[in-house]
1. Quote to one decimal, in nm, the extra length available between Ser44 and Asp22 on full extension: 0.36 nm per residue of separation minus the C-alpha distance between them.
2. Just read off the accessible area of Glu74 with the full protein assembly in place, 1.4 Å probe, to the nearest 10 Å².
3. Out of segment 32-66, which trypsin sites (Lys or Arg not before Pro) are coil in DSSP terms and have no more than 10 other C-beta atoms within 10 Å?
Amino acid sequence: MTRPEPGRSPAVRQLRLVVEADDYDAAVAFFRDALGLPEQAAYSGGDGARVVILDAGRATLELANPAQKRLIDEVEVAGRSRRGCGSRSRWTTAAR
């Protein structure tokens, strides 16, 4: 990896955004099916955790249900300060 010139910030190579979705299936239907973001991978785990990783160019959008979001927090943020770390977004569907 090359270092940026003094006084210049390094180029952003990829952005990862994790969105916690209470209605996981509706979020997937919207972002993948309606908006057409291609699916890179999908995983499911214990406690009902589910996540789908969607390709958004230089970014990936991860739609995770609450159980998966808790797992991400445990694995990636445990022992580190949350200040300035990542992004927290939440997807909710409107009342019908």
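1. On the way: separation 22, 0.36 × 22 = 7.92 nm, distance 1.53 nm.
Length gained, Ser44 through Asp22: 6.4 nm.
2. Rounded to the nearest 10, that gives 120 Å².
3. Details: sites: Arg32, Arg50, Arg58; in loops: Arg58.
Within segment 32-66, the qualifying trypsin sites (Lys or Arg not before Pro) (loop, at most 10 other Cβ atoms within 10 Å) are Arg58.
The values are calculated or read from the model by the stated rules, or taken from the named source; none is laboratory data. A quick note: this is a predicted structure, and the numbers were derived from the prediction, not measured. Using ideal geometry, Cβ is built from the backbone for each residue, glycine included, and neighbour counts are taken over all protein chains shown. Just the protein is used for accessible areas: all its heavy atoms, side chains included, with ligands, DNA and RNA removed. Shrake-Rupley method; radii C 1.70, N 1.55, O 1.52, S 1.80 Å.
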